[in-house]
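Report on one structure; see the data block that follows.
Values in this text are rule-based calculations from the coordinates and carry no lab data. None of these values were measured; they are calculated from a predicted model. Cβ coordinates were reconstructed from backbone atoms using ideal geometry, including for glycine residues, and neighbour counts include every protein chain displayed.
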Amino acid sequence: MSQLSASTRPLPPRLRIALDAIRHGRAVVLLDDDDRENEGDLIVAAERITVPMMATMIRECSGIVCLCMGDAELQRLALPPMVANNGSRYGTAFTVSIEARDGVTTGVSAADRVTTIRTAIAPGAQASDLVSPGHVFPLRAAPGGVLERRGHTEGAVELARLAGLQPAAVLCELMNEDGSMMRGDELVAFSRRHGYPMLTIAELVAYRREIEDTPVSA
């Protein structure tokens with residue numbers, strides 16, 4: 001950690017706006033690198049997720065709603081990787097999908113998915129509180145965050161943590177009405193239309209590098 005700690009270093013304006021949104025239960029559009037997925041995900045802190053926001057994510061995004069968490073939390077819930085050998089191009093670390101054991105019907109509705117997420121992140125949550133398969137897809141964040149992997153999973157968890165919330169976040173990939181992925185100007189237009197702050201993973205990496213002495217990976 002550098003001499004000027006994260007708690008005293010002024011936040012870059014765009015990051016400050018994004019963290020304020022996350023803190024108050026609003027969504028942020030998070031973009032990864034142009035030479036990576038080159039996509040934008042809608043991010044909400046897991047402990048702030050609501051049924052209306054979940055409905056928005058299902059309607060505006062791909063429908064694959066993911067819960068981003070750290071390894072310790074996923075181990076406590078006994079959630080193994082979805083596959084033994086991850087062949088994903090970007091190493092996206094899906095675990096088995098989940099559903100809340102109690103309080104849901106089919107698990108598909110916005111309300112049911114919120115119940116599942118709240119069950120998974122509840123203090124003292126155990127493996128017995130969940131069943132698999134389900135309609136929420138946990139993602140394991142790399143321990144080093146965006147300095148280890150420049151993915152939306154890590155960026156989402158970093159945003160929740162930097163906002164002073166539980167380090168868990170909900171994400172879903174933004175899509176156009178024709179089923180193609182939103183990119184570039186489409187993401188800017190969407191963000192402006194809904195009033196969602198935009199942030200890039202590169203900005204999170206830059207901030208982490210400012211406050212820590214950890215070198216960033218390629």
Checklist outcome for this item: So for region 28-157, using the alpha carbon gyration tensor with a ≥ b ≥ c as root eigenvalues (a/c under 1.5 gives rounded; past that, a/b versus b/c decides prolate or oblate), I'd call it oblate
Checklist entry - What trypsin sites (Lys or Arg not before Pro) does region 140-218 have in DSSP loop regions with at most 16 other beta carbons within 10 Å? => result R183
Checklist entry - Exposure proxy check: H24, H194 ranked by fewest other beta carbons within 10 Å? => result H24, H194
Checklist entry - When the chain is modelled as a GNM with alpha-carbon springs shorter than 10 Å, which of V205, V108, V136 fluctuates the most? => result V108
Checklist entry - Counting only Cα, what are the radius of gyration and maximum Cα-Cα distance Dmax of region 141-183, in Å? => result 12.6, 37
Item to check | region 13-52 residues near the modelled A206 label - backbone nitrogen below 20 Å, point 7 Å along Cα→Cβ | outcome: 13-22, 28-41
Checklist outcome for this item: Expected vector for region 21-27, Karplus 3J(HN,Hα) from phi with 6.51, -1.76, 1.60 and θ = phi - 60°, integer Hz, x for Gly and Pro, equals 5, 4, 4, 9, x, 9, 8
Checklist entry - Can you list the cysteines of the chain that have no other Cys Cβ under 4.7 Å away? => result C66, C68
Item to check | Kirkwood Rh in Å, taken over all unlike Cα pairs in the chain | outcome: 17.5 Å
